[in-house]
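Colleague: Sharing a structure here in structure tokens format.
The values are calculated or read from the model by the stated rules, or taken from the named source; none is laboratory data. What you are looking at is a predicted structure, and each value in this text was computed from that prediction instead of being measured. Heads up, the Cβs are rebuilt from the backbone with ideal geometry, glycines too, and the neighbour counts pull from every protein chain shown.
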């Protein structure tokens with residue numbers, strides 16, 4: 001599994017995480033603020049193939065964040081974004 005992109009990366013309320021999975025599995029997303037404090041986390045089921053996962057980030061305060069994606073215990077990718 002890999003993360004293709006987070007669109008947009010300058011977010012008002014919602015964004016889309018573009019994921020490609022080689023098999024059905026679980027994706028864990030952890031959003032950290034610039035101090036490294038957990039701001040939000042969730043787990044979702046992903047299916048084999050390409051998919052767009054809607055993410056609601058409107059409950060975050062304005063600022064810089066890092067989205068960390070995991071498949072089980074395996075780290076996949078970090079993506080920086082700005083919450084407006």
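Colleague: Listed residues 47, 65; which is farther than 20 Å from residue 9 by Cβ, in contact (Cβ under 8 Å) with a residue 24 or more places away in the chain and touching a strand residue (DSSP E or B) at 6+ places or on another chain (Cβ under 7 Å)?
Modeller: Unique residue meeting the criteria: 47.
Colleague: For the stretch 14-44, enumerate the residues that are surrounded by fewer than 16 Cβ atoms within 10 Å (Cβ to Cβ), in contact with a strand residue (DSSP E or B) (Cβ under 8 Å, 6 or more places away or on another chain) and at pLDDT 95 or above.
Modeller: Across the stretch 14-44, the qualifying residues are 14, 16, 18, 20, 24, 25, 26, 38, 41, 42, 43, 44.
Colleague: Another question, then. Restricting attention to the stretch 60-80, report how many residues are at pLDDT 95 or above, over 15 Å from residue 2 (Cβ atoms) and over 10 Å from the mean Cα position of the chain (by Cα).
Modeller: The total comes to 6.
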